[in-house]
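The values are calculated or read from the model by the stated rules, or taken from the named source; none is laboratory data. These numbers were taken from a predicted model, which means no experiment stands behind them. Cβ placement follows ideal geometry from the backbone for every residue including glycine, while neighbour counts extend to all protein chains displayed. For the accessible areas, the whole protein counts, side chains as well, though only heavy atoms, and no ligand, DNA or RNA atoms are used. Shrake-Rupley method; radii C 1.70, N 1.55, O 1.52, S 1.80 Å.
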Amino acid sequence: MRITDATMEKLLVRSGVITAEQIDALKDEAVRSKHSMQDMAMSNELIDDKTLARAFADYAQIPYIELNPHDLNLDILNKIPDRIARQYNAVLFKVDPDGLCHLAMDDPDDVQAISFIEKEIGTNTKIYVATHENILAALEAYRGDVSNELNEVIDIQRADNNENDSITSEEVAEDSPIAKTINLLLEYAIRSHASDIHIEPREGFVQIRYRIDGILKEVNRLPRNVLNALTSRVKILSNLKIDERRVPQDGRFKIKVGGKQYALRVSTLPVADGEKTVMRILDESNQAVSLESLGYWGKSLATINESLTEANGMILITGPTGSGKSTSLFSILTILNNPDVNISTVEDPVEYKIVGVNQTQTNSKAGMTFANGLRALLRQDPDIIMIGEIRDSETADLGVQAALTGHLVFSTLHTNDAATCLPRLLDMGIEPFLIASIVRAVVGQRLVRKVRHESRISYKPTAEEQEMIVKMFNLKPGQDFSYIHNLEKAAAAEGLGGDTPLSTDEHGINVLYHNNPDDNADGSMAGYRGRMGIYEVLNNSVPMQQLIVSNATSNQLREQAIAEGMVTMQTDGLIKVLRGETTLEEVIRVTKE
């Protein structure tokens, strides 16, 4: 919706989101930049889409609505053809028995659009205001069941089951069945909230698997004869060599689904039965979320926030591949990002783009390694440096030198937990006294699937199960459940688990939660939807530094950290189980080592 400067000024005053002085400054900035006040207010994040739509609805006396795409009736939706609905950003979401049509639009001032639509549905209409993003998400309901549409396209291709090595241009053209298959696979993956798409050649078929919430799931099997055409179509999209099938290739392309832009990182690899393709899906419209939203709370949150105020030093995030390290770094850098600070990164690859941060992609073929990139960064007058991963002693040494010379350095390491990170730096040739002096905090993390609150199943654990929990989570004798109960109360006070009642008292656990394996509604999978982190944050205190200098083992470092109040990853996971955010099985699955 386009709003005039005069109306925008009134909306900003009525909503009370900014002061009169800010409005005057915004007007001057809009005149200087030759942009509208609406554009300037949005780009400066003074107001968001939803707040603006609500304010306009209140001002214009038009009702505001938030549509749920899953609740839309396809028969009612189709009363306005898909093409017209997309052209005018309008959704017909309800028709009363008396024939009153309820129409949601992102620009209710568009008289031409309303007039054209009323020729299709009649003049008995009631107009609502919705955000542009909400309208685009609702318009995706026109597509119906993508999986059924995909099966129809695949059935057409099963007719010819002869595999052909030579691919014609017609087979991979924009409007070909192969192109449509790829588009549907991508769309289905995005709707399923998948993070990766695997196209894998097998002896008699092509297996399609999605990684959803960290778990691989087979979603389809395609006829073997489409493999080469599928791979070639993906290569065309990502600007790779179609005729090169003997060596791995990497590429990237972008698509738009439901009004959101997604970047797909493509990797091809020759395997025994052909060429395998994996596509990593990155939502480019994702905004950084707060550390609390990622699952940080209590002592862990306090320690990480305190370390972020340091002027220099090194903060390390550890965990295996796919444990959410990049997401944690993304959120931390966004918190620190402001015009007064020069933040520079070296990454492989650049997964999240942050406005105002100088992000550099490594390129080993061109000699742009982490070490070479870091050397160049140090000549760019940085305040904060982020190294995507410390892989070798050269990169570790440069990172330490950067931290010693007044920079705040962030990086990741592949270790099992926070305590083993410090001996790992020793293995890389970093002197103990340097580790003790420059490391500020170490985060160990894993990702667990979140159980859906709407369908989770509560149960009372038996005495045997409670005893097993005590052993499994290494709870301290004599204070088993009083310790856990106090932690759960603290987590509940900080909002973890929402309004879920306390699961423990000082004597034991009264209730735990299972996922509902039959719940696959609303994009969930067997009662799970989305993921959250479980964390441990090791603070490099003076006693810890003394242990590091004396070459203490990782077990000694861990025991000292726990004595200082560190909540271990396993215990953090248990608290999130008690708060109804995940299940015991999930925590055991990701922390069993």
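Take the Cβ-Cβ distance between H453 and D392 as r, set R0 to 35 Å, and report the resulting FRET efficiency rounded to the nearest 0.05.
Approximately 0.20, to the nearest 0.05.
Each residue of the stretch 68-74 in turn: what ³J(HN,Hα) in whole Hz from Karplus with 6.51, -1.76, 1.60 and θ = phi - 60°, glycine and Pro shown as x?
For the stretch 68-74, the Karplus-derived couplings read 9, x, 6, 9, 6, 8, 5 Hz, x marking Gly and Pro.
Restricting attention to the stretch 287-377, which trypsin sites (Lys or Arg not before Pro) occupy a DSSP loop and are surrounded by at most 13 other Cβ atoms within 10 Å?
Of the trypsin sites (Lys or Arg not before Pro), the ones in loops of the stretch 287-377 whose Cβ has at most 13 other Cβ atoms within 10 Å are K353.
Among A366, A57, L100, whose Cα sits farthest toward the positive end of the charge dipole of the chain (+1 at Cβ of Lys/Arg, -1 at Cβ of Asp/Glu, about the Cα centre)?
A366
Evaluate the charge dipole of the chain about its Cα centre and quote only its size in Debye, nearest 20, assuming +1 on the Cβ of each Lys and Arg and -1 on the Cβ of each Asp and Glu.
Taking the Cα centre of the chain as origin, the dipole is about 760 debye.
I'd like the FRET efficiency for S550 and D96, computed as 1/(1 + (r/R0)^6) with the beta carbon distance as r and R0 of 56 Å, rounded to 0.05.
Efficiency, from the Cβ-Cβ distance: 0.10.
Where does the charge balance sit around I457 when Lys and Arg score +1, Asp and Glu -1, over other residues with C-beta under 12 Å from its C-beta?
0
Just the Cα atoms of the stretch 406-450: what Rg and Dmax do they give in Å?
12.2, 41
Give me the percent of accessible area attributable to carbon and sulfur for the chain, probe 1.4 angstrom.
Taking all protein chains in place, the chain shows 48 percent carbon and sulfur surface.
Hey, what's the stretch 233-388 come to in accessible area per residue, 1.4 Å probe, Å²?
Here the per-residue accessible area is 48 Å².
Tell me which of A403, M472, G16 sits at the most positive position along the dipole axis of the chain, charges placed on C-beta atoms (Lys, Arg +1; Asp, Glu -1).
Projecting each Cα onto the dipole axis, the largest value belongs to A403.
Pairing the Cα long axis of helix 480-493 with the longest principal axis of the chain, what angle in degrees results, from 0 to 90 and rounded to the nearest 10?
The angle comes out near 40 degrees.
Could you calculate the contour length gain from T125 to N305, that is, 0.36 nm times the residue separation minus the distance between their Cα atoms, to one decimal place in nm?
Result for the pair: 59.6 nm of gain on full extension.
If contacts are Cα pairs under 8 angstrom and at least 6 residues apart, what is the relative contact order of the chain in percent?
Once divided by the residue count of the chain, the mean separation gives 10 percent.
If I model a spin label as a point 7 Å beyond the Cα along the Cα-Cβ vector, how far apart are those points for Q361 and E494 in nm?
The answer from the label model is 3.7 nm.
Long-range amide H contacts for N363: which residues qualify at under 5 Å (H placed 1.01 Å from N, peptide plane, sequence gap of 5 or more or a different chain)?
So N363 has HN proximity to M368, T369.
What figure in square angstrom, to the nearest 10, would you give for the accessible area of D243 with a 1.4 Å probe?
Accessible area, nearest 10 Å²: 140 Å².
Helix 393-404 against the longest principal axis of the chain: what's the angle in degrees, Cα atoms only, rounded to the nearest 10?
Helix 393-404 sits roughly 90 degrees off the main axis of the chain.
Assign one of three labels to the stretch 261-331, namely rounded, prolate or oblate, based on the Cα gyration tensor with a ≥ b ≥ c the square roots of its eigenvalues; rounded applies when a/c is under 1.5, prolate when it is not and a/b is larger than b/c, and oblate otherwise.
Because a/c hits 1.5 or more and a/b exceeds b/c, the stretch 261-331 counts as prolate.
What accessible area per residue, rounded to a whole number of Å², is obtained for the stretch 416-558 using a probe radius of 1.4 Å?
Using a 1.4 Å probe on heavy atoms only, each residue of the stretch 416-558 averages 47 Å².
Under the classification rounded if a/c is under 1.5, otherwise prolate if a/b is larger than b/c and oblate if not, where does the stretch 313-366 fall, given a ≥ b ≥ c as square roots of the Cα gyration tensor eigenvalues?
Taking the square roots of the gyration eigenvalues as a ≥ b ≥ c, the stretch 313-366 is oblate.
Report, for the chain, the % of DSSP beta bridges that are antiparallel, rounded to 5.
Counting DSSP beta bridges with both partners in the chain, the antiparallel share is about 65 percent.
For H507, H485, what's the largest-to-smallest order of accessible area, 1.4 Å probe?
Descending order: H507, H485.
Provide the FRET efficiency to the nearest 0.05 for the E292-E118 pair, computing r from the beta carbons and using R0 = 35 Å.
0.15
Could you sort 445-451, 500-506 so that the peptide with the highest average Cβ count within 10 Å comes first and the rest follow in order?
445-451, 500-506
Using alpha carbons only, how many degrees (0 to 90, rounded to 10) separate the axis of helix 146-158 from the longest principal axis of the chain?
That works out to roughly 80 degrees.
For the chain, build the charge dipole from Cβ charges (+1 Lys, Arg; -1 Asp, Glu) around the Cα centre, then report which of S455, N68, G444 sits farthest towards its positive end.
G444
Quickly estimate the mean residue ellipticity at 222 nm for the chain, helices only: each DSSP H run with n ≥ 4 gives -39500 (n - 2.57), and the total goes over all residues, rounded to 500.
About -11500 deg cm²/dmol.
Which length gain, in nm to one decimal place, applies between K79 and Y59 when the Cα-Cα distance is subtracted from 0.36 nm times their residue separation?
Going from the current span to full extension adds 4.2 nm.
Taking a probe of 1.4 angstrom, what is the accessible area of E310 in Å², to the nearest 10?
It works out to around 80 Å².
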